[in-house]
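One structure is given below, represented as structure tokens, and several questions about it will come after.
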Amino acid sequence: MLRYILKRLMIMLVTLWIIVTLTFILMVSIPGSPFNSERGTNEAVQANLEAHYNLDEPYIIQYLLYLKSIVTFDFGPSIKQPSQTVNDMLGRGFPISFELGIMTIIVAVISGVTLGVFAALKHNNVIDYLAMGFAVLGISIPNFVLATLLIQQLAVNLEIFPVARWLSPAHMILPITALATGPMAIIARLTRSTMLEVLTQDYIKMARAKGLSPWKIIIKHALKNALLPVVTIMGTLLASILTGTFVIEKIFAVPGMGKYFVESINQRDYPVIMGTTVFYSSFLIIMLFLVDIAYGILDPRIKIHKKGGE
Amino acid sequence: MDTILEVKNLHVTFSTYGGTIKAVRGVDFHLNKGETLAIVGESGCGKSVTSNAIMRLIPDPPGKITNGTIVFKDKDLTALPEKTMRSIRGVDISMIFQDPMTALNPTLTIGTQLMEGVRQHHRITSDQAKSKALEMMHLVGIPNPTERLKQYPHQFSGGMRQRIVIAMALICEPELLIADEPTTALDVTIQAQILELFDEIQEATGVSIILITHDLGVVAKIADRIAVMYAGKIIEVGTKREIFYDPQHPYTKGLLKSVPRLDVTGEKLVPIDGTPPDLFSPPKGCPFTARCPFAMEVCDKVYPVTTEQSDTHKVDCWLQDERAKQLLAASAIKQ
Ligand SMILES: Nc1ncnc2c1ncn2[C@@H]1O[C@H](COP(=O)(O)OP(=O)(O)OP(=O)(O)O)[C@@H](O)[C@H]1O
Ligand code: SF4
Ligand SMILES: [Mg+2]
């Protein structure tokens, strides 16, 4: 187990380094600088500012400075809002984004699995068709379209929910719904198909032959096996939910990390770009690692704890 | 001898897109306490459907028991509500499946899977369940049971898994054990060990066994009586001796042609020319007519009357009819 974790940590660090490097290359290759604006800035002032933020150094020095800021996890102050450090922004935005993301995942998993299980149990029945029709819709409608629709119908027309912001549970319902529907639909379809397959397995028949009750069979014997493939796609879903938060936070004016991330790119606020990128990528990489560990725990045939992951 | 199970006129059908499959079409047999009855027959003749019907495990839809009774210890199982049936499964009647590689849940430990049966049906503590599980592991001959309980199915060989499946089936001390091809998926040496285990268990517990198999070698080893099934019917039934040494039905004779030896396991049925009838529209008369070298005009039209060779030996074939016997005798004289 220890060897496996060490090996994985190495890979994670390398992945992170590649992401940081690519981000840096992209950052310096997009035109513009933090001090450009339509009105034009005084040349001397601009040079001064650039010198202050080391932007006049050769790229390699800048790159090394960035690497240092990552290792020390100190990205310094934002260029655009010098009164705030990047760490302040992350500290303020992350809890909100995390709340949005975690609740989305919980909603997507619970409702997706429930929907999939019922569809499988009522195979070829009206419930099955309804659930799967709903799932196809959920997969095909992009979350920003759904978000706009929800705002228009439920917030503006019917006035059931607030239009935007992140103040109370009522504020959270629409953004979470918009963000969770797609992943939920994917989980529902996958759960249904794996569940249908598992239900035909001999060990399910064996469980019935033991006289176990139907619910016990479904929960103890079928669900765990049916959920294994769902766990494998959790990594991809996490990534898509994470990128989804940028858009959803923007639409619903949720003051999460996504706001800082998007704004920092628009404004070429280099330290903020780097900080948020590093933070998002580390978070995702760690989550993917946890998904793998979870899979190993759920499926005893995968022995990560004995032999380094073979 | 006490009868523990009596199946009468059992009919099972499956409704499919292509039509209704009449998989079991009026099966009668009984099982005495403590004996082993083997059901043999070609693939698709309805052996598994019959055994699933006894457990009431026919998937519905598409399957249905459309007629008949299954009387187990004075209770007609076909009439019981599902809930009562659940209290019989695993407790009074247990089942063992063909493939031990797939009959165990890969994500649960052997211990969990062994104990859940007893814990479902009896109010016992987990310690009691555990000691019962250990006792069963011991009975079926698994070394180091205490450590083995914590392991998962993939850590066992095929033969060991089948032993565990047998332990699972026996843990509530059932009176009837249905084994659907329990050795087909195992290699020959393991087969012999498992068959021996059946014998030992029967000796130790007095359980009655219905053994379904393709393998006449297996039958020769452990069956007391044999029922031969063809196209959803039992066409001949008798003691092992009667079936092996005095078969009457042309189909049974065909089956046995290749297996004269009682001391060798692993011999498979040699196929008889032709194929069994279509179960969507099975023939009115004897289903073997198309393949039978002795077929007569009546065979195609009317299903043969069951004749009794002895108290235990019954045959469904027109050749047993007095008129056919006279005819045969007459033609023999002519020649
Ligand atoms: N779930 C089902 N749906 C439709 N038809 C079925 C189903 N189960 C069994 N049948 C049909 O019932 C008939 C008898 O099948 P059964 O499984 O009892 O054969 P078997 O004698 O056990 O054969 P084998 O030796 O191959 O196991 C077959 O023709 C099969 O097509
Ligand atoms: S009834 Fe006729 S067709 Fe059927 S087995 Fe007997 S002789 Fe052959
Ligand atoms: Mg079968």
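For the condition open to solvent by 30 Å² or more (accessible area, probe 1.4 Å) and within 14 Å of chain B (Cβ to nearest Cβ), what is the one hit in A:L227, A:L154?
None of the others qualify; the one that does is A:L227.
Also, quick follow-up: Just the residues that are away from chain A (no Cβ under 14 Å) and more than 28 Å from the chain's Cα centre (by Cα), please, taken from the stretch B:127-147.
B:D127, B:Q128, B:K130, B:S131, B:L134, B:P143, B:N144, B:P145, B:T146, B:E147
When the residues of the stretch B:25-77 are filtered to those that are without any contact (Cβ under 8 Å) to a residue 24 or more places away in the chain and touching a strand residue (DSSP E or B) at 6+ places or on another chain (Cβ under 6 Å), which remaining residue is nearest to B:T184 (Cα to Cα)?
The extreme case among them is B:L77.
Okay, moving on. Going through A:R208, A:R189 one at a time, which residue ends up being free of Cβ contacts under 8 Å to residues at least 12 places away in the same chain, farther than 30 Å from A:S33 by Cα and open to solvent by 40 Å² or more (accessible area, probe 1.4 Å)?
Details: A:R189 fails: free of Cβ contacts under 8 Å to residues at least 12 places away in the same chain.
The conditions single out A:R208.
Another question, if that's okay. For the stretch A:169-224, name all the residues that are touching a Ser or Thr at 6+ places or on another chain (Cβ under 8 Å), within 14 Å of another protein chain (Cβ to nearest Cβ) and closer than 19 Å to A:T114 by Cβ.
Within the stretch A:169-224, just A:K224 meets the criteria.
Let me ask something else about it. Please verify whether A:L284 is within 14 Å of chain B (Cβ to nearest Cβ), touching a residue at least 40 places away in the same chain (Cβ under 8 Å) and crowded, with 17+ Cβ neighbours inside 10 Å, treating the condition exactly as stated.
Spelling it out, it is not the case that A:L284 is within 14 Å of chain B (Cβ to nearest Cβ), touching a residue at least 40 places away in the same chain (Cβ under 8 Å) and crowded, with 17+ Cβ neighbours inside 10 Å.
In the set B:I54, B:I70, which member is more than 14 Å from chain A (Cβ to nearest Cβ), modelled with pLDDT of 90 or more, within 17 Å of B:H11 (Cβ to Cβ) and away from ligand 1 (no atom under 11 Å from the Cβ)? Quick ask: steps written out before the conclusion?
Working: B:I54 fails: more than 14 Å from chain A (Cβ to nearest Cβ).
From the options B:I54, B:I70, the qualifying one is B:I70.
Can you tell me which residue among B:Y251, B:Y152, B:Y245 is within 14 Å of chain A (Cβ to nearest Cβ), among the hydroxyl-bearing types (S, T, Y) and more than 16 Å from ligand 3 (Cβ to nearest atom)? Before the answer, list the steps.
Numbers: B:Y251 fails: within 14 Å of chain A (Cβ to nearest Cβ); B:Y245 fails: within 14 Å of chain A (Cβ to nearest Cβ).
Result: B:Y152 is the single residue among B:Y251, B:Y152, B:Y245 that is within 14 Å of chain A (Cβ to nearest Cβ), among the hydroxyl-bearing types (S, T, Y) and more than 16 Å from ligand 3 (Cβ to nearest atom).
Considering only strands (runs of 3 or more DSSP E) fully contained in the stretch B:33-110, which possess at least 3 residues that are away from ligand 2 (no atom under 16 Å from the Cβ) and surrounded by fewer than 21 Cβ atoms within 10 Å (Cβ to Cβ)? Quick ask: steps written out before the conclusion?
On the way: elements: B:36-40, B:63-72, B:93-96.
Counting at least 3 such residues, we get B:63-72.
Continuing with the same structure: I'd like to check which helices (runs of 4 or more DSSP H) are fully inside the stretch B:116-226 and have at least 2 residues that are touching a Pro at 6+ places or on another chain (Cβ under 9 Å) and crowded, with 19+ Cβ neighbours inside 10 Å.
Hits in the stretch B:116-226: B:126-139, B:158-170, B:188-205.
Moving to a separate point now. Could you tell me whether B:F29 is away from every other protein chain (no Cβ under 14 Å) and out of contact with any Lys or Arg (no Cβ under 6 Å at 6 or more places or on another chain)?
Values: away from every other protein chain (no Cβ under 14 Å): yes; out of contact with any Lys or Arg (no Cβ under 6 Å at 6 or more places or on another chain): yes.
So B:F29 fits the description; yes.
The values are calculated or read from the model by the stated rules, or taken from the named source; none is laboratory data. Just so it is clear, the model here is predicted, and its values are computed rather than measured. When we count neighbours, we look across all protein chains shown, and the Cβ atoms used for this are built from the backbone with ideal geometry, even at glycine. Note: accessible area is taken over every heavy atom of the protein model, side chains too, but ligands, DNA and RNA are not part of it. Shrake-Rupley method; radii C 1.70, N 1.55, O 1.52, S 1.80 Å.
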